[in-house]
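Enquirer: Pasting a structure below so you can have a look.
The values are calculated or read from the model by the stated rules, or taken from the named source; none is laboratory data. Keep in mind it's a predicted model, so treat the numbers as computed, not measured. Glycine gets a Cβ as well: all are built from the backbone with ideal geometry, and neighbour counts include every protein chain shown.
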Amino acid sequence: MEPNVLMRRPLSHDELLKTGVTVTGADLTTLKIGGEVRRLLEPRSERGLVSVMRGLRSEGSGFLVIGGGSNVLMSDDTLETPLILTTGVDGTSIWDDGSDIFVSCGAGVRLRDVFAMTLRDGLSGMEFAVGIPGTVGGAVMGNAGTPRGEIGSVVHSVRTVSYDGRVVDFDGGTIEWGYRTCGLRNEVPMVVSNVVFRLRRSTRESVLEDVAKSVFDRKNQPSGRLTAGCVFRNPPGESAGRMLELAGCKRLAIGGAAVSEIHANFIENTGGATASDFASLALRCREKVMERFGVRLRFEITALGISLDN
């Protein structure tokens, strides 16, 4: 591996006694759940990501990808598949073409930092994204959004690194954007390395006014709690949270996992929850919605090393 790639290997028992260092899903996700990661690869640049992908292909290894870990449930068991952490692929720049403003971000840049930059410079287009956690790469792959907008609407281009180490660019207008998904998931195995957003020149005051509306929309979501964001996607024309609440899910808890009393589409780690607790509770909630409404909810969270039947 090249110098700009950090690979964490599993430590022996003696090494653990000496250093106390290990990496688990609890270290990498907002839910703070998950077992040991056997092999964590941390590229520190696009060049490092190219090296990682070529190395994995030469080994014949598969891989999983994680960014900010905000919409992820990781298995309690040791994760044997190599895990690529993209938070080190960062860096930002801004330019304009006389009408639109372009903001280029490494896949590992936190979405909150992108928003802070646009607010500072009075750039409009991402007001809906205030409060959305995670990184740029994950937000694009999941087409993160709110009722006021989605990431796909402001993506100018996406740069990816394929399994064979090729750097491939996609025009944002040619990507098929769907509800909490995008067409890049259908491409050959690859990882997002950079995203360019197309925004508009505005004023800080105007941006703040729109931000206030987005903040108001999110006031009924739990904050300061250990969650993975919304568990289920909204069915067409419906609210998963409303259906879960009417189905009586707010009273449910399994182990250290409990349905939020604030919003029924969030499951909280109230302390010591396991992935098994979370998965069992989520599946029970889905069963209750099916019993009440005859609708089978689809998961919005990404499961790593654990099966969630979708």
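Enquirer: Having 1 or more residues that are in contact (Cβ under 8 Å) with a residue 12 or more places away in the chain and buried (at least 17 other Cβ atoms within 10 Å of the Cβ) is the bar; report the strands (runs of 3 or more DSSP E) wholly within the range 69-125 that clear it.
Expert: Once the strands (runs of 3 or more DSSP E) in the range 69-125 are filtered for at least 1 residues that are in contact (Cβ under 8 Å) with a residue 12 or more places away in the chain and buried (at least 17 other Cβ atoms within 10 Å of the Cβ), what remains is 72-74, 83-85, 100-106.
Enquirer: If you don't mind, another one. Being closer than 26 Å to PRO147 by Cα and either surrounded by 17 or more Cβ atoms within 10 Å (Cβ to Cβ) or of a type in the set (D, E, K, R) (or both): is that true of ALA275 here?
Expert: Taking the combined requirement at face value, the residue does not satisfy it.
Enquirer: Kindly indicate whether VAL215 is of a type in the set (A, V, I, L, M), surrounded by 19 or more Cβ atoms within 10 Å (Cβ to Cβ) and either under 20 Å from ARG110 (Cα atoms) or in the same structural domain as GLY106 (by TED's automatic domain parsing) (or both).
Expert: Criteria not met by VAL215.
Enquirer: Which of the residues spanning the range 3-52 are at pLDDT 55 or above and in a helix (DSSP H, G or I)?
Expert: Listed by number, the residues that qualify are GLY25, ALA26, ASP27, LEU28, GLU46, ARG47, GLY48, LEU49, VAL50, SER51, VAL52.
Enquirer: Among the residues that make up the range 277-298, is at least one of them without any contact (Cβ under 8 Å) to a residue 60 or more places away in the chain and among the polar types (S, T, N, Q)?
Expert: Within the range 277-298 (the criterion being without any contact (Cβ under 8 Å) to a residue 60 or more places away in the chain and among the polar types (S, T, N, Q)), the answer is yes, since at least one residue qualifies.
Enquirer: Quickly run through the range 257-282 and pick out the residues that are within 11 Å of LEU226 (Cα to Cα), of a type outside the set (Asp, Glu) and in contact with a strand residue (DSSP E or B) (Cβ under 8 Å, 6 or more places away or on another chain).
Expert: Answer for the range 257-282, where residues must be within 11 Å of LEU226 (Cα to Cα), of a type outside the set (Asp, Glu) and in contact with a strand residue (DSSP E or B) (Cβ under 8 Å, 6 or more places away or on another chain): ALA257, ALA258, SER260, PHE266, ILE267, ASN269, THR270, ALA273.
Enquirer: Which condition does GLU150 not pass, out of (1) free of Cβ contacts under 8 Å to residues at least 60 places away in the same chain; (2) over 16 Å from the mean Cα position of the chain (by Cα), if it passes all the others?
Expert: Looking at each condition in turn, GLU150 falls short on (2).
Enquirer: With the requirement that a residue be among the acidic types (Asp, Glu) and either within 22 Å of ASN194 (Cβ to Cβ) or touching a Pro at 6+ places or on another chain (Cβ under 8 Å) (or both), what does the range 46-101 give you?
Expert: Of everything in the range 46-101, those that are among the acidic types (Asp, Glu) and either within 22 Å of ASN194 (Cβ to Cβ) or touching a Pro at 6+ places or on another chain (Cβ under 8 Å) (or both) turn out to be GLU46, ASP90, ASP96, ASP97, ASP100.
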